[in-house]
2 protein chains.
Amino acid sequence: MLQSLKAQLGGKVSTSPTDLETHGKDEGYPLRRPPLAVVYAENREDIQHTLAWARETSTPVIPFGAGTSLEGHILPQGACISLDLSRMNRILEVRPEDFLAIVEPGVTREQLNTALKGTGLFFPVDPGANASLGGMAATNASGTTTVRYGGMRQNVLALEVILANGEVLELGRAVRKTSAGYDLKDLFIGSEGTLGVITRLTLKLHPLPQHIHTLRVFFDSLEAAAEAAYQLMGSGLPLARLELVDELGLQAVNRYLGRDYPEKPGLFVEFHSSTREALEAESGSALALMREAGALRVDAARTPEERTLQWEARHQLYWALVAQYPGHQFMITDTAVPISKMPDLVRFAQATLREMDLGGSIVGHVGDGNFHTLIATDEALYPKAETFAAKLVEYTLSLGGTCSGEHGVGLRKKKYLQAEHRGSIPWMQQIKRLFDPQHLLNPGKVV
Amino acid sequence: MLQSLKAQLGGKVSTSPTDLETHGKDEGYPLRRPPLAVVYAENREDIQHTLAWARETSTPVIPFGAGTSLEGHILPQGACISLDLSRMNRILEVRPEDFLAIVEPGVTREQLNTALKGTGLFFPVDPGANASLGGMAATNASGTTTVRYGGMRQNVLALEVILANGEVLELGRAVRKTSAGYDLKDLFIGSEGTLGVITRLTLKLHPLPQHIHTLRVFFDSLEAAAEAAYQLMGSGLPLARLELVDELGLQAVNRYLGRDYPEKPGLFVEFHSSTREALEAESGSALALMREAGALRVDAARTPEERTLQWEARHQLYWALVAQYPGHQFMITDTAVPISKMPDLVRFAQATLREMDLGGSIVGHVGDGNFHTLIATDEALYPKAETFAAKLVEYTLSLGGTCSGEHGVGLRKKKYLQAEHRGSIPWMQQIKRLFDPQHLLNPGKVV
Ligand SMILES: Cc1cc2nc3c(=O)[nH]c(=O)nc-3n(C[C@H](O)[C@H](O)[C@H](O)COP(=O)(O)OP(=O)(O)OC[C@H]3O[C@@H](n4cnc5c(N)ncnc54)[C@H](O)[C@@H]3O)c2cc1C
Ligand SMILES: Cc1cc2nc3c(=O)[nH]c(=O)nc-3n(C[C@H](O)[C@H](O)[C@H](O)COP(=O)(O)OP(=O)(O)OC[C@H]3O[C@@H](n4cnc5c(N)ncnc54)[C@H](O)[C@@H]3O)c2cc1C
């Protein structure tokens, strides 16, 4: 069967054991299941050929970006093709005068920001991993700067997608706002490869802040830190980043990177401004507010190098934990709640971890009411971690929250999606059927 | 036929000539065509009854908010019911601690902001008219503050909708971000009453800025003003409003409100900040930049009263023009382009107006690359104004822009939507069929 695919695509089809292995697992899901083959698409036609073959042979196709997703997004459910888009990695156009860039889906966020050096602009969305922009759009990714600049939904202006039937559609427009017709662009953002293959993205760029001020503020308890974060949000101060890190995370970072951060719950805060005076005033106000809210100690990153180190520490936190638990895999929750409920949810997560005798670190994007519990698991621990996640999601939904603030649904969260969206689920399923009646694109995921 | 509807809904069904007339025309479309009857819904059940009756009798239903739309959105295409939602105007919940409010669809933006007094919060989206929030979501409205706070799509967290089949769905969640499932909420935002009736909205509120600085800056030409606006956007300064107003608009305002604004093309600019120092620094930078860009004269609104007057003038501009052309109706274009193309499009619009010997004022939200041409028309002039609009849209699309930055499609822009979205149109039509197979909800609009 693969013969006819190979006949068309030649060396772009791989069945090497390494390729099959790396395309049959992700960073967070406990199972691994290799695909039949990996197709390394280099252009639209390769994708259209693969989909035509898929339609003929009724073989599902799973789009694959950088494989950093966490919920079983790219895990084959049966015999299928992994459609790897990492070779479609050209930056097609940078138009600084329009604050936009047009890229292929395999371009990674770091690659894009490197290419933007010298333009005075940057692309702000920064999930912890160096993900592909196609994968980031497909999961509606967000990150540390989302509190200020938004996530993928707010920063993708237009998409080109290829549907299961091979049709190429252009969705959205390269403008800052439009009210012209149904918003199909946002339907495809967050659809996790189940509605179409993203082949081109038009992205919104932002002026690099001329002045940046970064603070690390430590508290006696995680709750106190969460409470201070909540008050900062209410102040209306233009926060660019607001990250919560617990003592376990900081311990791991100190060990992994050889740092000496206080091993206390902390907030990492950043301000971006176009004038120095604004910056000083704003970070001054924030400081006063956090002292009032019980800050034990405040450190400021004064130089660009210090600042880079601080955010590197935040971004390396996951890897620091990985290093601390060799042979383990991490279960990472990503619930989000209305922001006044955040201290409550943090308290619940801590208490539940304790009750269940589970080791778990809490970190996250608390300005968005969203945080992660990272739990090191192995085969024996996994069911317990799952039980924890289920409790956390149940409590989150009772607070009006969402089971996924950023990672998406994949396989693992399908059961929660049902509880969260109830009556809308059949409509999501019908939309899936409309765009992909043969269930060829990443079947079994999301709905 | 209406008897059975009246039997169920009694006095909520009106066939009074005044009601029929006010529900059969809008502010911008040249035709008027009364509906069969107006149903004043007071709750979900009224809507469900109306829809059940509509299914049985195959009579279309047009949701009606405040009727301020401009493109024939609410114009009956044949015998139909106007479903007026203005009596569903309760503010159900204000949760300052979560920066959100939950409202019924008939609540107007002014009503909501009045109710928010004392909470320190506000709802920023401000189309020129005092529209209903349901109508604003249905058209994805935006306004003067969108450059800073986003439009409806960014400020509606969740919706309750009733489908044509009577089903009640909840879409979205009351959180700042979610990646859980397909984004049906954004599919319904901007769907202009064609996919479902919005019965409840969860809205994002923002801290009222503690310090505000407002400037009026005048230039020698509209192009120079547009160019300065473009440079301001590039500066990264946190603009809260950036409005372009031409000399004709200011003349009309001076006459209508008895003001003495210079009758020169101008920018109305506003900064919001949480500290006075930040504000001074930011508006200082902006001023320097605009002087460099050729500003002739700068005035600052120093007091809240002066500021209110300034924005009142901007918001009254349309009514000032209406007063100047009694017996005329206005054709209002609302194209948007990638922002570097904006000075070009302004130039094109001015030249085309001159060429066609049409009087038209240019005003708009230039920070979003979006502006309006307001043309006074009567029966004789209307075809010429339509030709102008067609030329403007054609040029806009050639620049990569959109036929509608904010007002939506309605009837008038259907032909442009075709040109803008080409291959996606059949998919929009299939989505319409999916949610409304009998074509009962506002048929003939959008797609
Ligand atoms: C250490 C770590 C930290 C993380 N932190 C964050 C975080 O802060 N925020 C966050 O949002 N996520 C985070 N993630 C999760 C992950 O990085 C994001 O979900 C990311 O967007 C996935 O991108 P990817 O290119 O790796 O996609 P993949 O894992 O390759 O694919 C993800 C999904 O998208 C689909 N897909 C991929 N490319 C395409 C395409 N071109 N067209 C259509 N569908 C496609 C796939 O089929 C799959 O369903 C983190 C992950 C790790 C390992
Ligand atoms: C002077 C003036 C200035 C304007 N300036 C702006 C501007 O700056 N920005 C802007 O975006 N618009 C502007 N508009 C256009 C108009 O105000 C907006 O489109 C507004 O959002 C319409 O709201 P409404 O309540 O009047 O809706 P309506 O006119 O009653 O309806 C508009 C559409 O929404 C549908 N609808 C209404 N309520 C519901 C509901 N509950 N559920 C489902 N569908 C519904 C209707 O069927 C119709 O298709 C302006 C209009 C005027 C007259």
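The values are calculated or read from the model by the stated rules, or taken from the named source; none is laboratory data. As the structure is a prediction and not an experimental result, all values here were calculated from the model. Cβ: placed from backbone, ideal geometry, glycine included. Neighbour counts: every protein chain shown. To get the accessible areas, we keep the full protein, side chains included, count just its heavy atoms, and leave off ligands, DNA and RNA. Shrake-Rupley method; radii C 1.70, N 1.55, O 1.52, S 1.80 Å.
Residues being among the β-branched types (Val, Ile, Thr), buried (at least 22 other Cβ atoms within 10 Å of the Cβ) and within 15 Å of residue B:200 (Cα to Cα): count how many of those fall in region B:88-138.
Selection size over region B:88-138: 3.
Looking only at region A:416-437, which residues are farther than 14 Å from residue A:402 by Cβ and either touching a helix residue (DSSP H, G or I) at 6+ places or on another chain (Cβ under 7 Å) or not charged (D, E, K, R) (or both)?
Of everything in region A:416-437, those that are farther than 14 Å from residue A:402 by Cβ and either touching a helix residue (DSSP H, G or I) at 6+ places or on another chain (Cβ under 7 Å) or not charged (D, E, K, R) (or both) turn out to be A:423, A:425, A:426, A:427, A:428, A:429, A:430, A:431, A:434, A:435, A:437.
Report the residue count in region A:139-148 for those that are open to solvent by 10 Å² or more (accessible area, probe 1.4 Å) and either more than 13 Å from chain B (Cβ to nearest Cβ) or of a type in the set (Val, Ile, Thr) (or both).
3
Given B:167, B:160, which one is among the charged types (D, E, K, R), within 11 Å of chain A (Cβ to nearest Cβ) and surrounded by fewer than 20 Cβ atoms within 10 Å (Cβ to Cβ)?
Testing whether each residue is among the charged types (D, E, K, R), within 11 Å of chain A (Cβ to nearest Cβ) and surrounded by fewer than 20 Cβ atoms within 10 Å (Cβ to Cβ) leaves just B:167.
Conditions (1) over 23 Å from residue A:139 (Cβ atoms); (2) touching a Phe, Trp or Tyr at 6+ places or on another chain (Cβ under 9 Å), marked per residue:
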| site | (1), (2) |
| --- | --- |
| A:381 | yes, no |
| A:388 | no, no |
| A:391 | yes, yes |
| A:395 | yes, yes |
| A:398 | yes, no |
| A:403 | no, yes |
| A:411 | no, yes |
| A:414 | no, no |
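Return the residues of region B:171-189 that are open to solvent by 10 Å² or more (accessible area, probe 1.4 Å) and more than 7 Å from every other protein chain (Cβ to nearest Cβ); say none if nothing qualifies.
Selection gives B:172, B:185.
Quick check, is residue A:235 free of Cβ contacts under 8 Å to residues at least 60 places away in the same chain, under 30 Å from residue B:285 (Cβ atoms) and surrounded by fewer than 24 Cβ atoms within 10 Å (Cβ to Cβ)?
Answer is yes for this residue.
Filter region B:190-210 down to residues that are within 7 Å of another protein chain (Cβ to nearest Cβ), touching a helix residue (DSSP H, G or I) at 6+ places or on another chain (Cβ under 7 Å) and within 27 Å of residue B:272 (Cβ to Cβ), then give me how many there are.
2
Which one of these does residue B:433 not meet: (1) away from every other protein chain (no Cβ under 11 Å); (2) free of Cβ contacts under 8 Å to residues at least 24 places away in the same chain?
It is condition (1) that residue B:433 fails.
Looking at (1) out of contact with any Leu (no Cβ under 6 Å at 6 or more places or on another chain); (2) within 14 Å of another protein chain (Cβ to nearest Cβ), can you tell me which one residue A:332 breaks?
(1)
Read through the list (1) modelled with pLDDT of 95 or more; (2) within 14 Å of chain A (Cβ to nearest Cβ), then give the number of the only condition that residue B:343 fails.
The number of the failed condition is (1).
Could you give every pair whose Cβ atoms fall below 8 Å, whose first residue belongs to region B:161-177 and is within 19 Å of residue B:202 (Cβ to Cβ), and whose second residue is assigned to a loop (DSSP other than H, G, I, E, B) and open to solvent by 20 Å² or more (accessible area, probe 1.4 Å), counting only separations of at least 6 or pairs across chains?
These pairs meet every condition: B:172/B:178; B:173/A:400; B:174/A:400; B:175/A:400.
Mind listing just one residue for me: the one in region B:12-52 that is more than 14 Å from residue B:83 (Cα to Cα) and touching a Phe, Trp or Tyr at 6+ places or on another chain (Cβ under 9 Å) and, of those, most open to solvent (accessible area, probe 1.4 Å)?
Applying the filter and picking the extreme gives B:27.
Filter region A:256-284 for residues that are within 17 Å of residue A:229 (Cβ to Cβ) and polar (S, T, N, Q) and give the result.
Answer for region A:256-284, where residues must be within 17 Å of residue A:229 (Cβ to Cβ) and polar (S, T, N, Q): just A:283.
Which members of region A:408-446 meet the condition of being open to solvent by less than 20 Å² (accessible area, probe 1.4 Å) and among the basic types (Lys, Arg)?
A:412, A:413, A:432, A:445
Listed here are the residues, each with its yes/no results for (1) within 14 Å of chain B (Cβ to nearest Cβ); (2) of a type in the set (D, E, K, R).
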| residue | (1), (2) |
| --- | --- |
| A:339 | yes, no |
| A:351 | no, no |
| A:354 | no, yes |
| A:383 | no, no |
| A:394 | no, yes |
| A:398 | yes, no |
| A:401 | yes, no |
| A:404 | yes, no |
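Quick check: anything in region A:266-284 more than 10 Å from every other protein chain (Cβ to nearest Cβ) and open to solvent by 20 Å² or more (accessible area, probe 1.4 Å)?
no
Given the criteria of a type in the set (Val, Ile, Thr), open to solvent by less than 10 Å² (accessible area, probe 1.4 Å) and part of a helix (DSSP H, G or I), does residue B:352 qualify?
yes
Of all residues in region B:426-441, how many are in a helix (DSSP H, G or I) and either in contact with a Gly (Cβ under 7 Å, 6 or more places away or on another chain) or not charged (D, E, K, R) (or both)?
Qualifying residue count for the region: 8.
Considering (1) within 12 Å of chain A (Cβ to nearest Cβ); (2) under 28 Å from residue B:363 (Cβ atoms); (3) among the aromatic types (Phe, Trp, Tyr), say which one residue B:99 fails and leave the rest.
The one condition residue B:99 does not meet is (2).
Restricting the search to region A:47-77, which residues are more than 16 Å from residue A:410 (Cβ to Cβ) and small (Gly, Ala, Ser)?
Hits for region A:47-77 are A:52, A:54, A:58.
What tally of residues in region A:320-338 results from selecting those that are modelled with pLDDT of 90 or more and either of a type in the set (A, V, I, L, M, F, W, C) or on the phi > 0 side of the Ramachandran plot (or both)?
9
Taking the condition touching a residue at least 12 places away in the same chain (Cβ under 8 Å), basic (Lys, Arg), in contact with a Cys (Cβ under 9 Å, 6 or more places away or on another chain) and away from ligand 2 (no atom under 16 Å from the Cβ), does residue A:445 pass?
no
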